[in-house]
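Here the structure comes first, spelled out in structure tokens, and everything after it is commentary.
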Amino acid sequence: MTAPRTVTMVRTLAAPAARVYAALTAGALLARWMTAPPYRVAEAFTEPRVGGAYRVRVVGPDGDEHLTTGTFLELVPNARVVQSWRYEGSFGRDDTPTEVTFTLRALGPALTELTLVHARILPGLAHYDHVEAGWEECLAALETLLDDDVVLVRVERRVAASPARAFDAWTDAAVLGRWMGGTGELLEATADARPGGSLRLVVRRDGDVVAHEGEYVEFDRPRRLAFTWAIPAFSEDRDLVRVTFAPDGDGCAMTLVHRMGKQWAEYAERSGAAWGELADVVAASLTPS
Amino acid sequence: MVERAADPLSLVFRALGDPTRREMVRRLSAGERSVGELAEPFRMSLAAASKHVQVLERAGLVRRRVEGRVHRCRLDAERLAEAQRWLAHYERFWGERLDALASLLAEDAPDPADAPPTDPRP
């Protein structure tokens, strides 16, 4: 018999660990990210205690149903969730449960590393081929949900270089130093290019010396890179910057999203419309009435 | 580079970090409203609505004037525009960096040692 497979995914989220933990354990929040359109969550029920039940029912556009049930095996608030996981639906029915573990690590007041490990995926299980794609979509939806409390800036550029070369420009200190200094004088550029490695840029502008410090938190060459971003001299805030690289003809499309977690922690339990609408409100309010 | 986040702006973003207050701001963008009118769509008490308005006032987003027993609110768009400019500042910061990176990569010099002496940016 073939050995079971394990899927591991890591994402850094611009939210306090408490907020991420709530999103993993509260039914009302699970309902908002445990699938992606055109699918929708029809039911999300949890009993967030050890031995408590977990049940999420997803409905597809053709009326197909996908039910996941399980039991919470371990719950450490804001740190760890372990649950059994059994799929039943249009792909078939798992006869043995798999196991899902979420581990949270606070990188800052509003910055959390989420590690997902889906283990015991035996060949022959009904959802065997759908685990990665399913989680990819869910984690993207989770990020969108958490963005409700985040101020973010998105910038896109196409560059005439392969994704790998563009990616390396963010991790090779010699190359980084040639474009990140902007109009100031770059005094120092160091980049320890590995997950957890540090990034440091010191710039002199108008007589002021400013140090920018970060840590590479997602490192998936040449597809995705994320790092924390802070100016310790000015603020304890640690922002999150993620850059994705998609092949585009003979070049690559770079998308940069800078998430400013800042002091949103105290509003973490709230949710609502996305921050993008700020621009609409400004436009509307500046229109002479 | 982005040197700091001004404190008054922190108040603005904090005030707008709440969906109820964002909706209030959206409604005020259409014109003056009383606190009672602002409370209506949320099924909240006048006191609760007033607290939200206070947060918006402290952030400089809303001005309140008292007319008899009615508190009338209007939006101070300048502070909002300032918040928008702050975001635009970040957009410009990264936009400029990515432009510099694009120029550098376009020079087609995979080996930094072979790069021409001129910097792509002044």
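The values are calculated or read from the model by the stated rules, or taken from the named source; none is laboratory data. Nothing here was measured: the structure is a model prediction, and the numbers come from that model. We place every Cβ from the backbone using ideal geometry, glycine too, and count neighbours over all the protein chains shown. Accessible surface areas use protein heavy atoms only, side chains included; no ligands, DNA or RNA. Shrake-Rupley method; radii C 1.70, N 1.55, O 1.52, S 1.80 Å.
Relative to one another, the C-alpha centroids of the range B:63-102 and the range B:4-45 are positioned 13 Å apart.
The Kirkwood radius of the range A:7-53, taken over pairs of alpha-carbon atoms, gives through the Stokes-Einstein law at 37 °C and 0.692 mPa s a diffusion coefficient of 270 µm² s⁻¹. Entry comment: accessible area of chain A is 43 Å² per residue, from protein heavy atoms only and a probe of 1.4 Å.
Using a cutoff of 8 angstrom between alpha carbon atoms and counting only pairs six or more residues apart, the relative contact order for chain A works out to 17 percent.
Taking the Cα centre of chain A as reference, the dipole from Cβ charges on Lys and Arg (+1) and Asp and Glu (-1) amounts to some 280 debye. Temperature 10 °C, viscosity 1.306 mPa s: under these conditions the Stokes-Einstein estimate for the range B:8-77, based on its Kirkwood radius over C-alpha pairs, is 135 µm² per second. With the simple model of a label 7 Å out from the Cα in the direction of the Cβ, A:ASN78 to B:ARG72 spans 4.6 nm. Dividing the C-alpha radius of gyration of the range A:1-90 by 2.2 N^0.38 Å, with N its residue count, gives 1.16. Scoring B:78-85, A:58-65 by mean Cβ neighbours within 10 Å over their residues and listing the highest first yields B:78-85, A:58-65.
Taking the average, over residues, of other Cβ atoms within 10 Å as the packing measure, peptides A:30-36, B:42-48, A:88-94, A:110-116 rank A:110-116, A:30-36, A:88-94, B:42-48 from highest down. Counting Cβ atoms of other protein chains within 10 Å of each residue's Cβ and taking the mean over peptide B:80-87 gives 5.
Highest first, please rank the peptides A:47-56, A:232-241 by the mean number of other Cβ atoms sitting within 10 Å of their residues.
The densest-packed peptide leads the list: A:232-241, A:47-56.
Averaging 1/r over each pair of different alpha-carbon atoms in chain A and inverting the result gives 21.0 Å, the Kirkwood hydrodynamic radius. Taking the C-alpha atoms only, the angle from helix A:131-146 to the longest principal axis of chain A is near 60 degrees. Buried accessible area for the A:B pair, summed, 1.4 Å probe, in Å² rounded to 100? That pair of chains buries around 4600 Å² in total.
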